[in-house]
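Student: Would you mind keeping the following structure in view while I ask a few things?
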Amino acid sequence: MSKQLVLMDHDGGVDDYLATMLLLTMDHVELLGVVVTPADCYVQPAVSATRKILDLMGFSHIPVAESTVRGINPFPYLYRRDSFVVDHLPILNQSETINTQLLSESGQDFMVRVLREAPAPVTLMVTGPLTTVAVALDKAPDIEAKIQKIVWMGGALNVPGNVEKNWEPGQDGSAEWNVYWDPISAARVWESQIEIIMCPLDLTNNVPVTSELVQKMGQQRNYPISDLAGQCYALVIPQDYYFWDVLATAYLGHPEFYQLREWETEIITNGPSQGRTKVVSGGRKILAMDKVDKEAFYAYILQQWAR
């Protein structure tokens, strides 16, 4: 049975690294590369941490590319500085050298090349904004036919967003950060015919990172991946933190854990609702992860990281 071809596009938040780690544990997946989009991070430490994770897990043959796209609304620096912390974790700095290759070509050019050269359609696993995808589509419209689907952590359909008014004055609180960083690019991807499977805040709000689960990861410290996951989650446990990117990525491992629901939607690109994924009759049809077997998901990630 041939493996599922996947290209990862993450944006350097704490859970982006963990989603990448989870993807690497999936035996049925062939990961073609990792693109780092400079959104929820400072890009140099985010790229460095990504390469160190690939080294740690024995996947130094998988290339990493830095996207050079830019968004409209920057993530708060308090979020972005986590990339420095993860890059300096002791478990990722046991060697003075990094073996995983950092490509000289940009992430958007790498995405175009990978899709054109792939022997079969590729799934894009996107856990940050859709900007790199949109730029790649504009550069090479022919790649749309090579994208099997986009599995994306982003959007808020029927719940409030997470762009809080005290962070972004003038906004009405309906936007989700991965859309808000660059809603114009999200709208560009919405114009395509690519199948989109979203993991929106509607679902992630129900799947928190709990102290109990982080402690269970700590009890698996003899497994380096679980140790690293526990250390990363320990950084964020004082705040309300959810399995955003990891929950989206786990869909590739066990889609049967999830129920999907179709919605007609549009991306709001300006005004106080800029960055909102709005449910509208006659809008662009997408599939959203609507429900998940939470206990099965929790057990799955603990099992995958115990290796």
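Student: Any chance you could check the Cα centroid distance between segment 41-65 and segment 179-201 for me, in angstrom?
Tutor: Centre-to-centre (Cα) distance: 25 Å.
Student: Highest first, please rank the peptides 257-263, 114-120, 225-231, 17-23 by the mean number of other Cβ atoms sitting within 10 Å of their residues.
Tutor: Working: 257-263: 15.9, 114-120: 14.3, 225-231: 22.0, 17-23: 25.6.
So the order, starting with the most tightly packed, is 17-23, 225-231, 257-263, 114-120.
Student: Sort out for me the Cα centre separation of segment 237-307 from segment 92-166, rounded to whole Å.
Tutor: 16
Student: Sum -39500 (n - 2.57) across every DSSP H segment of at least 4 residues in the chain, then divide by the residue count to get the 222 nm mean residue ellipticity, nearest 500.
Tutor: Result for the chain: -10500 deg cm²/dmol, rounded to the nearest 500.
Student: Starting from the Kirkwood Rh over alpha-carbon pairs, what translational D in µm² s⁻¹ does segment 117-230 have by Stokes-Einstein at 25 °C and 0.890 mPa s?
Tutor: 149
Student: Here is a further query. What is the spread of the Cα atoms of segment 179-307 along each of their three principal axes, largest first, in whole Å?
Tutor: Result for segment 179-307: principal-axis Cα extents of 51, 31, 21 Å.
No value in this document is a laboratory result; all are computed from the given coordinates. Model, not experiment: these values are computed from the prediction. Heads up, the Cβs are rebuilt from the backbone with ideal geometry, glycines too, and the neighbour counts pull from every protein chain shown.
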